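A.B. asks: My structure is below; once you've seen it, I'll send some questions.
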Amino acid sequence: MRVALGISYNGQAYQGWQSQTSGLTIQDKLEKALGKFAAQRVSTLCAGRTDSGVHGIMQVVHFDTGLERDMHSWVRGTNANLPRDIAVQWAVSTPDAFHCRACATSRRYAYVLYESPIRPSVDHGRVGWAFRSLDGHAMQQAADLLLGEHDFSSFRASQCQALTPVKHLMEISMSKRGAYWRIEFEANAFLHHMIRNIMGCLVFIGQGKKPVSWMSDVLLARDRRVAAPTFSPDGLYFLGPRYDPKWGLPDRNAAYDGLP
């Protein structure tokens, strides 16, 4: 039987998603918890790896098992063995043809940015910080220049393992509530550090350090050295992948409502 799980997590204490010898990753903690519940080793695949310090609202994984368990039991049994900052939100039995990564039609992220002359405290580790005022109109104009299919080499980390830098960026939308900006991204896939590198450029433009047209110059240069520094991982949230409705997977969970 193939089982898909929706996972949420606070990434502050972990070295990203992908398993490492340290054991201090989300995947390591999840597979250890699944193994305890199933009393056998369980290996998972995920829809999109996240970096150290990045949070997940709805990461999707799948695994194959010969055990027959009620889907709700997979949720409760796994959560009983997980740390408090990681939780399984749902479990769904899927056809063998389902693949959490290959079947995803797009992936969604949100960046929560705190605009204040004083650094965050209660939100430490959960929001990015801009200590100068931001021009949201200029930021949205610059963001719109990135929409469509492009070579995003200027926003690609040197250690990125993607086969191609060409991605289709479908949406960058911005909203503000009080001091909090919520900037949402959707693309067919993302390069390593792509969103954090775009965020660095958007903040430069929002603070008036660069004109809106600079974003086009950076994109066309296809050179990471011309872009702004990589922005903090603290405010980055993986909202999850989108799938064809035929797979019967939830599109969101309650944690979405916790972000500004």
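The values are calculated or read from the model by the stated rules, or taken from the named source; none is laboratory data. What you are looking at is a predicted structure, and each value in this text was computed from that prediction instead of being measured. Reconstructed Cβ throughout: ideal geometry from the backbone, glycine too, with neighbour counts over all protein chains shown.
A.B. asks: Do any strands (runs of 3 or more DSSP E) entirely within segment 94-177 hold 2 or more residues that are crowded, with 17+ Cβ neighbours inside 10 Å and in contact with a Pro (Cβ under 9 Å, 6 or more places away or on another chain), and if so, which?
C.D. replies: Working: elements: 106-115, 128-130, 148-151, 166-177.
Once the strands (runs of 3 or more DSSP E) in segment 94-177 are filtered for at least 2 residues that are crowded, with 17+ Cβ neighbours inside 10 Å and in contact with a Pro (Cβ under 9 Å, 6 or more places away or on another chain), what remains is 106-115, 128-130.
A.B. asks: Just to be sure, is ARG84 closer than 24 Å to SER232 by Cα, among the charged types (D, E, K, R), assigned to a loop (DSSP other than H, G, I, E, B) and out of contact with any strand residue (DSSP E or B) (no Cβ under 7 Å at 6 or more places or on another chain)?
C.D. replies: On the way: closer than 24 Å to SER232 by Cα: yes; among the charged types (D, E, K, R): yes; assigned to a loop (DSSP other than H, G, I, E, B): yes; out of contact with any strand residue (DSSP E or B) (no Cβ under 7 Å at 6 or more places or on another chain): yes.
When the stated conditions are applied, ARG84 passes them.
A.B. asks: While we're looking at this one, here's another question. Quick one: PRO245 ticks every box in (1) assigned by TED's automatic domain parsing to the domain that holds MET139; (2) under 28 Å from CYS103 (Cα atoms) bar one, so which box is it?
C.D. replies: Against the list (1) assigned by TED's automatic domain parsing to the domain that holds MET139; (2) under 28 Å from CYS103 (Cα atoms), PRO245 comes up short only on (1).
A.B. asks: Can you tell me which residue among ARG177, ARG156 is touching a residue at least 12 places away in the same chain (Cβ under 8 Å), closer than 12 Å to LEU113 by Cβ and within 22 Å of the chain's Cα centre (by Cα)? Write out each step before concluding.
C.D. replies: On the way: ARG156 fails: closer than 12 Å to LEU113 by Cβ.
Answer to the selection: ARG177.
A.B. asks: Within segment 180-190, can you find the residues that are in a strand (DSSP E or B), within 15 Å of the chain's Cα centre (by Cα) and of a type outside the set (A, V, I, L, M, F, W, C)?
C.D. replies: So in segment 180-190, the residues in a strand (DSSP E or B) come out as 180-187.
The next check asks that each one be within 15 Å of the chain's Cα centre (by Cα); those that pass are 182-187.
ARG182, GLU184, GLU186, listed by residue number.
A.B. asks: With respect to ALA162, is the statement that it is hydrophobic (A, V, I, L, M, F, W, C), out of contact with any strand residue (DSSP E or B) (no Cβ under 6 Å at 6 or more places or on another chain) and within 22 Å of PRO229 (Cβ to Cβ) true?
C.D. replies: On the way: hydrophobic (A, V, I, L, M, F, W, C): yes; out of contact with any strand residue (DSSP E or B) (no Cβ under 6 Å at 6 or more places or on another chain): yes; within 22 Å of PRO229 (Cβ to Cβ): yes.
It is true that ALA162 is hydrophobic (A, V, I, L, M, F, W, C), out of contact with any strand residue (DSSP E or B) (no Cβ under 6 Å at 6 or more places or on another chain) and within 22 Å of PRO229 (Cβ to Cβ).
A.B. asks: What number of residues in segment 1-45 are in contact with a Lys or Arg (Cβ under 8 Å, 6 or more places away or on another chain) and assigned to a strand (DSSP E or B)?
C.D. replies: The total comes to 1.
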